[in-house]
Amino acid sequence: MLDRYDLDQSTANGVLVWMEILRCPDGPRVAEASLQVLARMCRITEGRKYAVIFGGPDLKPLYKRIFGCGVGTIYHVRDSCSECYDSNVYSITLCDIIDRTCPAAVAFASTDRGEQLAEKVSAMLSTELYSRCTGVDMDGISLKTEPASMNQFLVTKNKRFPQVCTVVKDSYPDPEDKEGQGTAIYWQTWKG
């Protein structure tokens, strides 16, 4: 009877992308590298699409731009602990959201903070990190990555989900500047 069931079948679905927020004199904005990764990840999956942002209510005007990339749900981590970058708090909170959403892939822009968070998140989830990729694609729910040092896609062999990657800036073009709509969920940071 068990041979009829694939017990290794994952329930993972879709993608989750951490959006790096830059504090500028004219107000907060989403880092271009994060928008590039988000738009690419939204194009390569038919599954659910999530974005995660950390910060106060001043980030709300950024929603339409993020939704315009194809995201259906934004998790807005919005409390006093989320306003200043703390890799420990951010990585634990990201893992809580990942546990809730169960994405097949989690992506970060390959910035200093993105690399740091991706490393911590992949270690906490006991899954492999595909770092500094110049290309990403999906094969079903499995991530295909093109590391910066190679010219061909590598299909990930493991069945551990989510699969975590970082993508080098300008590997993909900036997304169209359009607005969209979706669902915003307010989330609290992990407090140890």
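Shown here for the range 17-64: GluC sites (Glu not before Pro) in loop regions (DSSP other than H, G, I, E, B) with at most 14 other Cβ atoms within 10 Å, namely Glu46. Close amide H pairs (under 5 Å, H built 1.01 Å from N) link Ala184 with Ile74, residues at least 5 positions away or on another chain. Each of Ser80 and Cys95 was given a label point 7 Å from its Cα along the Cα-to-Cβ line. The distance between the two points is 2.5 nm. Near Tyr130, the amide H atoms lying under 5 Å from its own belong to Val164, Cys165, Thr166; only residues 5 or more places off or on other chains count, and H is placed 1.01 Å from N.
Remark on Met138: its backbone amide H falls under 5 Å from those of Lys144, a criterion applied only to residues 5 or more positions apart or on other chains, H modelled at 1.01 Å from N. In the range 33-135, the C-alpha radius of gyration followed by the widest Cα-Cα span (Dmax) gives 13.2, 36 angstrom.
A simple spin-label model places the labels of Lys178 and Asp112 3.6 nm from each other, with each point 7 Å out along Cα-to-Cβ. For the pair Arg29 and Lys64 in one chain, pulling the backbone fully straight at 0.36 nm per residue adds 11.4 nm over the alpha carbon distance. For the range 107-118, 3J(HN,Hα) computed residue by residue from phi via the Karplus equation (6.51, -1.76, 1.60; θ = phi - 60°) reads 10, 9, 6, 7, 9, 4, 5, x, 5, 4, 5, 4 Hz, glycine and proline entered as x.
FYI, it's all coordinate maths here, none of it is from the lab. None of the values given here were measured: they were computed from a predicted structure. With ideal geometry, Cβ positions are generated from the backbone for all residues, glycine too; neighbour counts draw on all protein chains shown.
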